[in-house]
Amino acid sequence: MKIVKLFEEKQRLLRAFLERTRSFQESLTQDGVEIEAKLDLIDELSDVREANLRVMQALDAEIDQAKKALTPPEVVRLQSDPAFKGVLDGVMTIIREIQLTDQSLFLYIQGTGYELRSRILKSLKEKEAVSKFKSQSQPPTGDGIDQTV
């Protein structure tokens, strides 16, 4: 039945996405990763997520069409099919795992944003201090030397 195959495909794609997301998470949270590398990984993760979302939306549209095409006896048969229930349970389990991973990643990315803002502020304060020091320690400009002429 087409709808079963579509849900199996959804489960496969979700599992692959979860594994890819966890791989990004591991790369991001490794010790010694520079902030620039983290930002690149975050950008790449964002691109992967957007592409995955488009694929999932297309697959969900196919699932909706397949649901509409089901006859009442087919619906009853699917509802009592343990294998199909297992696939649905698997999809829901993976979705929950993705949500937990996303929450963890969001918090980490938010922390990275705070770290980046802190570095920028520190850099601006250092530049301001250097600029202030330079303006205070410059020798006289020579104004008034030609007053005797």
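Can you say whether Leu105 is free of Cβ contacts under 8 Å to residues at least 60 places away in the same chain, in a helix (DSSP H, G or I), closer than 23 Å to Leu14 by Cβ and among the aliphatic types (A, V, I, L, M), as far as the supplied structure shows? In short, no.
Just to be sure, is Ile94 closer than 24 Å to Ser27 by Cβ and at pLDDT 95 or above? Considered against the rule, which asks whether it is closer than 24 Å to Ser27 by Cβ and at pLDDT 95 or above, Ile94 comes out as yes. Listed by first and then second residue, the pairs with beta-carbon distance under 8 Å, at least 6 apart or on different chains, first residue in region 1-30 and over 16 Å from Leu41 (Cα atoms), second aromatic (Phe, Trp, Tyr) and outside any helix (DSSP H, G or I), form an empty list.
For region 82-101, a tally of residues being under 14 Å from Lys5 (Cα atoms) and of a type outside the set (Lys, Arg) returns 7.
Thr112 meets all of the listed conditions (1) among the hydroxyl-bearing types (Ser, Thr, Tyr); (2) free of Cβ contacts under 8 Å to residues at least 12 places away in the same chain; (3) surrounded by 11 or more Cβ atoms within 10 Å (Cβ to Cβ) but one, namely (2).
Which members of region 31-51 meet the condition of being without any contact (Cβ under 8 Å) to a residue 40 or more places away in the chain, assigned to a helix (DSSP H, G or I) and more than 14 Å from Asp102 (Cα to Cα)? Once the filter is applied, which keeps residues that are without any contact (Cβ under 8 Å) to a residue 40 or more places away in the chain, assigned to a helix (DSSP H, G or I) and more than 14 Å from Asp102 (Cα to Cα), region 31-51 yields Glu36, Ala37, Asp40, Leu41, Asp43, Glu44, Asp47, Ala51. Going through (1) surrounded by fewer than 12 Cβ atoms within 10 Å (Cβ to Cβ); (2) under 17 Å from Met92 (Cα atoms) one by one, Asp31 falls short only on (2). If you go through region 122-145 and pick out every residue that is of a type in the set (Lys, Arg) and at pLDDT below 70, you end up with 0.
Here is a check on your reading of the model: is Leu88 under 28 Å from Phe24 (Cβ atoms), surrounded by 13 or more Cβ atoms within 10 Å (Cβ to Cβ) and in contact with a Ser or Thr (Cβ under 8 Å, 6 or more places away or on another chain)? For Leu88, the condition - under 28 Å from Phe24 (Cβ atoms), surrounded by 13 or more Cβ atoms within 10 Å (Cβ to Cβ) and in contact with a Ser or Thr (Cβ under 8 Å, 6 or more places away or on another chain) - is not met.
Hey, among the residues in region 62-85 that are basic (Lys, Arg) and either out of contact with any helix residue (DSSP H, G or I) (no Cβ under 7 Å at 6 or more places or on another chain) or loosely packed, with under 12 Cβ neighbours inside 10 Å (or both), which one's farthest from Glu9 (Cα to Cα)?
Arg77
The values are calculated or read from the model by the stated rules, or taken from the named source; none is laboratory data. Just so we're clear, the structure is a prediction, and the values are computed from it rather than from any experiment. Neighbour counts run over all protein chains shown; Cβ positions are idealised from the backbone, glycine included.
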